[in-house]
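The structure appears right after this line, and notes come after that.
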Amino acid sequence: MTQRIVPVAFALLLGSTVLSGADHAAVAQTAPAASAPVVPRPAPDSFANLADRLLPAVVNVSISATLKPGQDDDDGGPDDGPDDGPQVPDFPPGSPMEKFFHDFMNRKPSPDAPPRKMQALGSGFIISPDGYIVTNNHVVKDADQVSVTLQDDTVLKAHIVGRDSRTDLAVIKVDAPHPLPTVPFGNSDTARVGDWVLAIGNPFGLSGTVTSGIVSSRGRSIDRGVYDDFIQTDAPINRGNSGGPLFNLKGEVVGINTAIYSPSGGSIGIGFAIPSNDARGVIDQLRRLGHVQRGWIGIRVQDVSHDIADSLGLKIAKGALVAGVEPKGPAAVSGMKTGDVITKLNGEIIDGRSLPRQVAAIAPGTKTAFGVWRKGQDLTMDVVIKPSPEAPDMPPTAPRATGHATLSLADLGLTLGAIDDDARQKFKLSDSQRGVVVTAVTADGPAATRGLQAGDVVTELQQVEVDSPDALSHELARARAQKKHSILLLVQNSDGMRWVPLPLNGD
């Protein structure tokens, strides 16, 4: 049977059957790094005192979602991926049984079928007394409603503050009548292979389940994307553990459980957690902004293998080979070229796998020093990090605009409108899109000369989020009162996000 990487949320489709699914991924096999002998740590007699302290801050996350007609059970759900359902037996070609099984296995739901309800269970942990909770993006991304169950069985409604599909992290918020217990983040870089860890979560709906194990590997890639850097553990993790914490023996969160390697969807002792040091910055941005702004320099890279190093004349097979440079991107502006080998980032040695993750974590606008090897010469290039053009994930529960439906700004040469159902249909905007949509642009006006077009969405003005024409008008009035000569808009379209400066008063 095929081995699979399985997101570990637990889903139940009401009135139908859910086949477990997961993303195809091959787990990279890396050799353990040699290390000096260390004195072994004694195994604890019991985890009971630690579990008593941590359990109140771990919660169950429950969501309900609606599957539209024609949408697969695993299409965008918490356990999306290929299923391991029954295979068609071998029958003689053209036989009635062959036709029956072919029709059965390939049947499509009727487009007139009513929507189906799905419920999913996951885990999370409280990071602030006022109710901010961390979980996985794949637990809540399609949710119509989210609720949280505390250890004392109190059920609270939650809303999605922000989510990020690239790291599979999300932040949700509850309003509690009293301060909630919390758990702190630890330094995941100090978690060594062989260290004891505890996983707490909601596997298969069994709330408050505590399992123990060790860190069995570090820096694992499961081919989910360029941000793969997982902690591997043999602490039993199953469906429903998604978003739950992985603790060290100090009671600090060193990882967020997100996936398992399994032929059946159950634990076989190989689970994966997002390191807390990778998650901390993402979670902070989700709390503050509702989305993640990543650094970008406009290059494509790959690891330097021994063969590549030998052909280039590099003494050590280390670094990131530049395979492509985006024209007019930050790297191109600094003089970086295809064929360069990036060896250092701010003085630290890097490789091709870690470079995209490290650049993404740098705040846009930061000047960063890259060590570059080019045809036998060591160079240093200063690159100003720019915002990634990739469109960020927005919370699906973003509030609909209220107040005035349109806003005409003649001096700027554009008209903006609220994102209502008509605007979503006309400009093909997603249900989760928030901001203010550009409905018209005056030819040769300031907005037109800076590339704004009808259908663009303004999400921020002067780095303040705007969700309605009234909100944008308020921030614009404040900028005028401060006698600003120009304003800065964050604009989103099918090409991604970009900052657009607009002059005020036709200057």
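The values are calculated or read from the model by the stated rules, or taken from the named source; none is laboratory data. Everything numeric in this text was worked out from a predicted model, so none of it was measured. All Cβ positions, even for glycine, are placed from backbone atoms using ideal geometry, and neighbour counts span all protein chains on display. We work out accessible area using only protein heavy atoms, side chains counted, and drop any ligands, DNA or RNA first. Shrake-Rupley method; radii C 1.70, N 1.55, O 1.52, S 1.80 Å.
Looking at the range 150-166 only, could you name the residues that are out of contact with any Leu (no Cβ under 8 Å at 6 or more places or on another chain), at pLDDT 90 or above and either under 22 Å from residue 361 (Cα atoms) or outside any loop (DSSP other than H, G, I, E, B) (or both)? Give the derivation first.
Within the range 150-166, the subset out of contact with any Leu (no Cβ under 8 Å at 6 or more places or on another chain) is 152-155, 157-160, 165-166.
Then drop every residue that is not at pLDDT 90 or above, which leaves 152-155, 157-160.
Of everything in the range 150-166, those that are out of contact with any Leu (no Cβ under 8 Å at 6 or more places or on another chain), at pLDDT 90 or above and either under 22 Å from residue 361 (Cα atoms) or outside any loop (DSSP other than H, G, I, E, B) (or both) turn out to be 155, 157, 158, 159, 160.
In this structure, does residue 453 turn out to be on the phi < 0 side of the Ramachandran plot and in a helix (DSSP H, G or I)?
Values: on the phi < 0 side of the Ramachandran plot: yes; in a helix (DSSP H, G or I): no.
Judged against the criteria, residue 453 is not a match.
Open to solvent by less than 40 Å² (accessible area, probe 1.4 Å) and modelled with pLDDT under 95, is that true of residue 223? Steps first, answer last, please.
Numbers: open to solvent by less than 40 Å² (accessible area, probe 1.4 Å): no; modelled with pLDDT under 95: yes.
When the stated conditions are applied, residue 223 does not pass them.
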Qualifying residue in the range 190-198 (condition: touching a Pro at 6+ places or on another chain (Cβ under 9 Å), modelled with pLDDT under 90 and open to solvent by 50 Å² or more (accessible area, probe 1.4 Å)): no
Single unsatisfied condition, residue 479 versus (1) open to solvent by 10 Å² or more (accessible area, probe 1.4 Å); (2) in contact with a Ser or Thr (Cβ under 9 Å, 6 or more places away or on another chain); (3) not in a strand (DSSP E or B): (1)
Among residues of the range 114-138, those that are open to solvent by less than 10 Å² (accessible area, probe 1.4 Å), farther than 16 Å from residue 279 by Cα and among the aliphatic types (A, V, I, L, M), counted: 2
Those residues of the range 487-507 which are surrounded by 13 or more Cβ atoms within 10 Å (Cβ to Cβ) and farther than 24 Å from residue 294 by Cβ, in sequence order: 502, 503, 504
Complete set of residues in the range 167-177 that are in a loop (DSSP other than H, G, I, E, B) and under 21 Å from the mean Cα position of the chain (by Cα): 167, 168
Members of the range 250-281 that are of a type in the set (Val, Ile, Thr) and surrounded by fewer than 24 Cβ atoms within 10 Å (Cβ to Cβ): 268, 270
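Per-residue answers, yes or no, for (1) in a strand (DSSP E or B); (2) at positive phi; (3) basic (Lys, Arg):
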site: 189; (1), (2), (3): no, no, no
site: 197; (1), (2), (3): yes, no, no
site: 214; (1), (2), (3): yes, no, no
site: 218; (1), (2), (3): yes, no, yes
site: 228; (1), (2), (3): no, no, no
site: 232; (1), (2), (3): yes, no, no
site: 238; (1), (2), (3): no, no, no
site: 241; (1), (2), (3): no, no, no
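With respect to residue 402, is the statement that it is modelled with pLDDT of 85 or more and open to solvent by 60 Å² or more (accessible area, probe 1.4 Å) true? Write out each step before concluding.
On the way: modelled with pLDDT of 85 or more: no; open to solvent by 60 Å² or more (accessible area, probe 1.4 Å): yes.
No, not satisfied.
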Residue within the range 456-475 that is without any contact (Cβ under 8 Å) to a residue 24 or more places away in the chain, open to solvent by 70 Å² or more (accessible area, probe 1.4 Å) and either in a loop (DSSP other than H, G, I, E, B) or touching a His at 6+ places or on another chain (Cβ under 7 Å) (or both) present: no
Selected residue (criterion: modelled with the lowest pLDDT) from residues of the range 254-269 that are of a type in the set (S, T, N, Q) and either under 10 Å from residue 7 (Cα atoms) or part of a loop (DSSP other than H, G, I, E, B) (or both): 264
Positions within the range 51-67 being open to solvent by 20 Å² or more (accessible area, probe 1.4 Å), assigned to a helix (DSSP H, G or I) and either more than 13 Å from residue 210 (Cα to Cα) or touching a residue at least 12 places away in the same chain (Cβ under 8 Å) (or both), in sequence order: 53, 55, 56
Residues of the range 435-450 satisfying the condition of being open to solvent by 30 Å² or more (accessible area, probe 1.4 Å) and in a loop (DSSP other than H, G, I, E, B): 442, 443, 444, 450
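Conditions (1) under 22 Å from residue 393 (Cβ atoms); (2) at pLDDT below 90, marked per residue:
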residue	(1), (2)
436	yes, no
445	no, yes
456	yes, no
465	yes, yes
471	yes, yes
477	no, yes
486	no, yes
493	yes, yes
497	yes, yes
Number of positions in the range 139-160 that are touching a helix residue (DSSP H, G or I) at 6+ places or on another chain (Cβ under 6 Å) and either surrounded by fewer than 23 Cβ atoms within 10 Å (Cβ to Cβ) or without any contact (Cβ under 8 Å) to a residue 24 or more places away in the chain (or both): 1
Residue check for residue 182: outside any strand (DSSP E or B), more than 25 Å from residue 260 (Cβ to Cβ) and open to solvent by less than 70 Å² (accessible area, probe 1.4 Å): yes
